[in-house]
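*Asks:* Below you'll find the structure I mean.
The values are calculated or read from the model by the stated rules, or taken from the named source; none is laboratory data. Remember, predicted model here, so these are calculated numbers, not experimental data. Note that we place each Cβ from the backbone using ideal geometry, even for glycine, and neighbour counts take in every protein chain shown. Only protein heavy atoms, including side chains, enter the accessible area calculation; ligands, DNA and RNA are left aside. Shrake-Rupley method; radii C 1.70, N 1.55, O 1.52, S 1.80 Å.
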Amino acid sequence: MGEQAGRRRPGPLAGLLVAVVVAAGCMGGGLDPGDPQGEPRQPRQPASPGAPTTRADGTTSVAEFKQDFNDAVGIAEQYWTEQFRASGERFQPIRRVVPYTRSGEVSCGGQGLPRNNAVYCSAGDFIAYDVNWSVSAFRQIGDAFLFYLLGHEYAHGVQVRLGIRYNFTIQQELQADCMAGAYIGDNVRAKVLTLDKGDLDEFRDGLLAVGDDPNQPWFAEGSHGTAEQRSDSFFRGYENSLDACGLG
Ligand SMILES: [Zn+2]
């Protein structure tokens, strides 16, 4: 990515480009950017203004997960709105977030989404996630997982808005992991989000543990990066914020 020379204190998102439609799917096969028609439109959930400090603690049920996930969405909207504003741009939040339980229940560009995954669909500008799979991954990986999952998918929507499109999926994915890390780290530093001391260690260990589990294709080695690469990208963003993610 280009240097930001010659600009005095550019925002982290200097170099905004016109958004292009691209499917930044997290699924192995990827998704074709399809015709957005057929996607039901719903009014976007408003971000919770002045949300109180959100604590990543002990979510165990599907209902709790959905609630906490929506909180994470509100924090992401606020976060990216601020980042774009710092670059003199207006952020358009991702239109909606859709939990699903059955294969094909939600489709992106005419293609049904399989179980055991989460995806950002550029064709309809929405995030969809298999809620049962997400809860079980959450239980394995720990408290930080929910914010990681949302942060990662949300980052794909931001990449589209910034016109970022790498040649290789892995670059797109690892950058999204870095952006997810920045989203969490910056919100922890701003005291919007509180993580327990051990949460991130638990998270790192959890990611490594599930890296080659065939039932967790989202983390499988291959085009998305090994669990270790993903973890490294995440923590680079977590510790150093967006400057570490090559957006400029
Ligand atoms: Zn992804």
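*Asks:* Please report the equivalent ellipsoid semi-axes of the range 105-156, computed as sqrt(5 x eigenvalue) of the Cα gyration tensor, largest first, in whole Å. Kindly include the intermediate steps, with their values, before the conclusion.
*Replies:* Details: eigenvalues 87, 35, 6 Å².
Semi-axes from the Cα gyration tensor: 21, 13, 5 Å.
*Asks:* Can I ask one more? Whenever you get a sec, line up LEU174, LEU208 from highest to lowest accessible area (probe 1.4 Å, protein heavy atoms).
*Replies:* Heavy-atom accessible area, descending, gives LEU208, LEU174.
*Asks:* Got a number for the accessible area of ASP205? Probe 1.4 Å, square angstrom, nearest 10.
*Replies:* Counting only protein heavy atoms, ASP205 exposes about 100 Å² to solvent.
*Asks:* Can you tell me the length gained on complete extension of the stretch SER103 to ASN132, counting 0.36 nm per residue apart and subtracting the Cα distance?
*Replies:* Values: separation 29, 0.36 × 29 = 10.44 nm, distance 1.18 nm.
9.3 nm is the gain from fully extending SER103 to ASN132.
*Asks:* Heads up, I need the accessible area for GLU89: 1.4 angstrom probe, whole protein in place, Å², nearest 10.
*Replies:* Rounded to the nearest 10, that gives 80 Å².
*Asks:* Within the range 60-127, list the trypsin sites (Lys or Arg not before Pro) lying in a DSSP loop whose Cβ has at most 13 other Cβ atoms in a 10 Å radius. Each step should come with its number before you reach the end.
*Replies:* Numbers: sites: LYS66, ARG85, ARG90, ARG95, ARG96, ARG102, ARG115; in loops: ARG90, ARG95, ARG102, ARG115.
Counting only loop positions with at most 13 other Cβ atoms within 10 Å, the trypsin sites (Lys or Arg not before Pro) in the range 60-127 are ARG90, ARG102, ARG115.
*Asks:* After finding the eigenvalues of the alpha carbon gyration tensor for the range 60-124, what semi-axes result from the square roots of 5 times each, listed largest first in whole Å? Please report the intermediate quantities before stating the final value.
*Replies:* Working: eigenvalues 137, 61, 9 Å².
In descending order the semi-axes read 26, 17, 7 Å.
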